[in-house]
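Q: Got a structure for you, questions after.
Read the figures in this text as sums done on the coordinates, not as results from a lab. Here the structure is a predicted model, which means the values were calculated and not measured. Cβ: placed from backbone, ideal geometry, glycine included. Neighbour counts: every protein chain shown.
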Amino acid sequence: MSTLKDKIIACLKENGADLVGFSNVDRFADKIPQKIFPETKTVIGIAFRILRGSHRGTEEGTTYYQYSTTGIEALEETVMPMAMLKACGILEDHGFAGLPQKRNQTIMSEADSTNPEVDYMGIYRGVDSECQLDFENSAVLCGLGELGFHGTLLTDDFGPLQRYCFILTDAEFEQTPIAEQRLCDNCGECVAACPGKAISADGKKDPWQCAAYYKGANMKKNPFMPAEAFADAPERLAIITGEAKLSSERAREIIDQIIFYPPIKQGYVSSICGKACDISCYVHLEKKGVLRKKFNSEFRKREEWQLPILEINETA
């Protein structure tokens, strides 16, 4: 006879989940789960793969909607909520409560930060974060994977290519062991890959620098940028080569000028960089042979492409 835990895992996987982990609430030193739902006994972590094929277009420099639509929007707005609702329904059928926890893309506790995946003007800043899970830490505590050098969750199956959500419940389950730190070797490939040098040597990410280059401020990696872009900027060359160090104010100005490619329907920013940090990490882990999920060919099939820097008086 299947247990309630078996039913929850089966339901989640039938609805698109790839990895499921369980954590006793006592692992959460910050007590955030209980602040959200005081009766919480278990946090269920759920990870959904980002298809390798969703990154194929940005890898080849040919098409850019697929990663942002299928790798972010479809998962966050359709697949993940449905899986959580179905699983929470099973919990309720057995007399327990289940509270879905989807990542909130537009509420931040920091007074001057941003989320590169969404329009910075749509973010509410300085909001008390006492009732928001730390998603990366929660994923680790649920046994889904480990944290990589640049703060991204790494799993044995998919490396950095997944998104994740959580269910808080008053049901008790045996918890999943916390994953050993074995994937990340601090190689620094993520630092080197960023087209805007947004990741420092110690792995910390500048969110405003990241936002500008995520959206496509580097001409070498943006096939939609016209030759005359940023023509009035005295530091134009530094901007379009990714060498400019941007303040939050200057990053806003740069972001407002990057209108070369439309946003996604649900308000997500189209990723022109294609999460270069995560892709370089994935390529490195695949070459090392440490990922469980194998493919018939390596993801990176040729030298990474880049475009020439065009002078203003040149034509594309």
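Q: Could the peptides 197-203, 217-223, 172-178 be put in order, highest first, of the mean number of other beta-carbon atoms found within 10 Å of their residues?
A: On the way: 197-203: 15.9, 217-223: 22.3, 172-178: 14.3.
The packing order, highest mean first, is 217-223, 197-203, 172-178.
Q: Which entries in 5/41; 86/293; 197/275 show an alpha-carbon gap greater than 20 Å?
A: The answer is 86/293.
Q: Of the listed values (i) 28, 46, 23, 3, 0; (ii) 28, 46, 16, 8, 1; (iii) 31, 56, 13, 1, identify the label whose number matches P(r) over Cα pairs in 20 Å bins from 0, in percent calculated from this model.
A: Of the listed options (i) 28, 46, 23, 3, 0; (ii) 28, 46, 16, 8, 1; (iii) 31, 56, 13, 1, (iii) comes from this structure.
Q: Enumerate the calculated ³J(HN,Hα) couplings along segment 136-149 in order (Karplus 6.51 cos²θ - 1.76 cosθ + 1.60, θ = phi - 60°), each rounded to whole Hz, writing x wherever the residue is Gly or Pro.
A: 5, 5, 5, 4, 5, 5, 7, x, 6, x, 10, 8, x, 4
Q: Also, quick follow-up: Assign one of three labels to segment 44-139, namely rounded, prolate or oblate, based on the Cα gyration tensor with a ≥ b ≥ c the square roots of its eigenvalues; rounded applies when a/c is under 1.5, prolate when it is not and a/b is larger than b/c, and oblate otherwise.
A: On the way: a/c = 2.61, a/b = 1.20, b/c = 2.17.
Since a/c reaches 1.5 but b/c is at least a/b, the shape of segment 44-139 is classed as oblate.
Q: To continue, here is another question. Stretched out fully, how many nm does the piece from residue 113 to residue 2 gain, at 0.36 nm a residue minus the Cα gap?
A: The span from residue 113 to residue 2 would gain 35.4 nm if fully extended.
Q: Can I ask one more? How many angstrom separate the Cα center of segment 96-156 from the Cα center of segment 2-34?
A: Rounded to whole Å, the Cα centres lie 17 Å apart.
Q: Still on this structure: What percentages, rounded to whole numbers, describe P(r) for segment 189-288 computed over all alpha carbon pairs with 10 Å bin width beginning at zero?
A: All Cα pairs considered, the percentages come to 16, 48, 29, 7, 0.
Q: If one takes the longest principal axis of the Cα atoms in the chain, at what angle in degrees, from 0 to 90 and to the nearest 10, does the Cα axis of helix 276-288 lie?
A: Approximately 70 degrees, to the nearest 10.
Q: Using 1/(1 + (r/R0)^6) with R0 = 45 angstrom and r between the beta carbons of residue 248 and residue 93, what's the FRET efficiency to the nearest 0.05? Write down the numbers at each step before the final one.
A: Numbers: r = 48 Å, r/R0 = 1.07.
Taking R0 as 45 Å, the efficiency between residue 248 and residue 93 is 0.40.
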